[in-house]
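Read through the structure below, which is laid out as structure tokens, and then see the notes.
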Amino acid sequence: MTAGTGEPVKDGAPGEPVKDGAPEAPGPRTLARRRRRASAARFWREYRTHRAGLVGLAALALFALVALTAPLTVGSDVSSVTGAPGQPLETPSGEFWLGTDRFGRDLLGLVMWGSRVSLLVGLLAAALCVAIGTLVGITAGHFKGAYATVVMRITDWFLVMPTLVLAIALATVMSRSLGTVVLAIGVTSWPTTARLVRAQTLAVEARPYIERARALGGGHRHIMVRHVLPNVMPLVLAQTTLMISSSILAEATLAFLGLGDPTVVSWGGLLQDAREAGSVSSGNWSYLVPPGLAIAGVALAFTLCGRAVESVLNPRLGVAR
């Protein structure tokens, strides 16, 4: 098409001449990618203002580095009982910096190797918990009436029941494996997430653009996936970082009670071994303190990161920096 002057004009923009060789306007996908990059950069600028969040992020990076490099630094044979390099319950020395366990294995290597299992179980259990809670919360906030009433009463029942007791019951009746631990934590810890997501869903669906989407023929799936879910994702992200620390503590508790997988090394399993070896009564603190400090450190790091993320995504919370 040409304007009255004979110059070429872009389709959909009458009267605007386009010079030969000028770049085309970016498409919707390009614009979406630019918005995502700008949003990520803005998030990082805000996150860097939280000193506690940066400390937690640095600690998490250290724990992740230890877990990922454990096969190279300590090797998988560190958990072998038959090939233990030392004598049982040796005190810390130049050869064994943290001493040995009741089988003669290097405690420092066991703590480093145990980070792999503890972090993996914590991440998977938190992901399962948040996924269930998000699904329940969005559907309960969108579909009102009998469905929402029944679902929220079930949620209330899970809320009033002790989570640890339910997890112990599930881990007892099922086979002892990492999958059982993940399932036991995930299916008992979702109610809090469901409550938070439902409240946010109700707030989102009260906005005018949801009514416009319905008037234009948007179905339930379209509204929940395209409109509600993107608006509750900041809350879901913040809740995920907070749930990881709780999941790691729950895994350590189950392992300490003897309900974890006996074939793998985890921080909670090391604490159970220390208890069975009588480290508390004998005062062998080098057996007890390292795995306990590792559990407390990673839980604190995830909590600091979660609080910082929550403050960035919702500045009205007023979390101290």
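The values are calculated or read from the model by the stated rules, or taken from the named source; none is laboratory data. Because the structure is a prediction, the values reported are computed rather than measured. Backbone-built Cβ (ideal geometry, glycine too); neighbour counts: all protein chains shown. Just the protein is used for accessible areas: all its heavy atoms, side chains included, with ligands, DNA and RNA removed. Shrake-Rupley method; radii C 1.70, N 1.55, O 1.52, S 1.80 Å.
Residues that are at pLDDT 90 or above and polar (S, T, N, Q) within region 106-147 comprise SER115, THR134, THR139, listed in sequence order. Note on region 171-191: among residues that are among the polar types (S, T, N, Q) and open to solvent by 70 Å² or more (accessible area, probe 1.4 Å), the one that is farthest from THR263 (Cα to Cα) is THR172. Of all residues in region 74-91, those that are open to solvent by less than 70 Å² (accessible area, probe 1.4 Å) and either at positive phi or not hydroxyl-bearing (Ser, Thr, Tyr) (or both) total 7.
Check ALA84, ALA41, ALA64 and return the single one that is among the aliphatic types (A, V, I, L, M), out of contact with any Leu (no Cβ under 8 Å at 6 or more places or on another chain) and within 20 Å of GLY306 (Cα to Cα). Quick ask: steps written out before the conclusion?
Working: ALA84 fails: within 20 Å of GLY306 (Cα to Cα); ALA64 fails: out of contact with any Leu (no Cβ under 8 Å at 6 or more places or on another chain).
Residue meeting the stated conditions: ALA41.
Within region 264-304, being assigned to a helix (DSSP H, G or I) and of a type in the set (Ser, Thr, Tyr) holds for SER279, SER281, SER282, SER286, TYR287, THR303.
Quick grid of which residues meet (1) within 28 Å of SER245 (Cα to Cα); (2) touching a Cys at 6+ places or on another chain (Cβ under 6 Å):
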site: GLY56; (1), (2): yes, yes
site: ALA59; (1), (2): yes, no
site: VAL81; (1), (2): no, no
site: PRO85; (1), (2): no, no
site: PRO88; (1), (2): no, no
site: GLU95; (1), (2): no, no
site: LEU123; (1), (2): yes, no
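Within region 229-244, not a single residue is free of Cβ contacts under 8 Å to residues at least 24 places away in the same chain, in contact with a helix residue (DSSP H, G or I) (Cβ under 7 Å, 6 or more places away or on another chain), more than 25 Å from ARG51 (Cα to Cα) and not β-branched (Val, Ile, Thr). Here the condition is being of a type in the set (Ser, Thr, Tyr), farther than 23 Å from ALA296 by Cα, in contact (Cβ under 8 Å) with a residue 12 or more places away in the chain and touching a helix residue (DSSP H, G or I) at 6+ places or on another chain (Cβ under 6 Å); of THR134, THR139, it holds for THR134 alone. Residues in region 205-228 that are open to solvent by less than 30 Å² (accessible area, probe 1.4 Å) and either in contact with a Leu (Cβ under 6 Å, 6 or more places away or on another chain) or of a type in the set (Val, Ile, Thr) (or both): ILE210, ILE223, VAL228.
Can we say LEU202 is part of a helix (DSSP H, G or I), open to solvent by 50 Å² or more (accessible area, probe 1.4 Å) and not polar (S, T, N, Q)?
yes
Does ARG307 satisfy the condition of being assigned to a helix (DSSP H, G or I), at negative phi, open to solvent by 80 Å² or more (accessible area, probe 1.4 Å) and touching a residue at least 24 places away in the same chain (Cβ under 8 Å)? For ARG307, the condition - assigned to a helix (DSSP H, G or I), at negative phi, open to solvent by 80 Å² or more (accessible area, probe 1.4 Å) and touching a residue at least 24 places away in the same chain (Cβ under 8 Å) - is met.
Name every residue in region 26-68 that is of a type in the set (Ser, Thr, Tyr) and either open to solvent by less than 40 Å² (accessible area, probe 1.4 Å) or over 21 Å from the mean Cα position of the chain (by Cα) (or both), in order of residue number. Give the derivation first.
Quick first cut of region 26-68, residues of a type in the set (Ser, Thr, Tyr) only: 30, 39, 47, 49.
Those that are of a type in the set (Ser, Thr, Tyr) and either open to solvent by less than 40 Å² (accessible area, probe 1.4 Å) or over 21 Å from the mean Cα position of the chain (by Cα) (or both): THR30, TYR47, THR49.
Looking at this structure, is GLU251 farther than 16 Å from ALA131 by Cα, among the acidic types (Asp, Glu) and under 18 Å from the mean Cα position of the chain (by Cα)? Here the answer is yes, as GLU251 does meet what is asked.
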